[in-house]
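Step one of this worksheet: look at the structure below.
The values are calculated or read from the model by the stated rules, or taken from the named source; none is laboratory data. Fair warning: this is a prediction, and the values are worked out from it, not measured in the lab. Cβ atoms come from the backbone with ideal geometry, glycine included; neighbour counts cover every protein chain shown. Note: accessible area is taken over every heavy atom of the protein model, side chains too, but ligands, DNA and RNA are not part of it. Shrake-Rupley method; radii C 1.70, N 1.55, O 1.52, S 1.80 Å.
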Amino acid sequence: MKNFFSNLINPYMAAPALKVALLVGSILLFINHGVALFHGQMTSQRWVSALLSYLVPYLVSIHGRSASKQNG
């Protein structure tokens, strides 16, 4: 677990994870909030959810790279 947290800011791990988060997060944002976004109906609750649309893929990517590094 300690390794996971240190990998969150490790440039070797973070750079690819950020790319994944931007791609997957943007897709999730438009699927889940696209209509509200285009109609100016984004509430603070929706913005928190939108943030999670980027955070979760980032964390999953870091986890996958960390697990792969430990097993390989």
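Values as computed for the structure displayed
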item	result
Residue selected from the range 56-72 under the condition among the polar types (S, T, N, Q) and closer than 10 Å to Met13 by Cα, by the criterion modelled with the highest pLDDT	Ser61
Scan of the range 34-55 for residues that are closer than 30 Å to Pro11 by Cβ and either touching an Asp or Glu at 6+ places or on another chain (Cβ under 8 Å) or open to solvent by 80 Å² or more (accessible area, probe 1.4 Å) (or both), ordered by number	Trp47, Val48, Leu51, Leu52
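Condition check ((1) aliphatic (A, V, I, L, M); (2) modelled with pLDDT of 95 or more; (3) in contact with a Lys or Arg (Cβ under 9 Å, 6 or more places away or on another chain)) across all residues:
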{"residue": "Met1", "(1), (2), (3)": "yes, no, no"}
{"residue": "Tyr12", "(1), (2), (3)": "no, no, yes"}
{"residue": "Leu28", "(1), (2), (3)": "yes, yes, no"}
{"residue": "His33", "(1), (2), (3)": "no, yes, yes"}
{"residue": "Gly40", "(1), (2), (3)": "no, yes, no"}
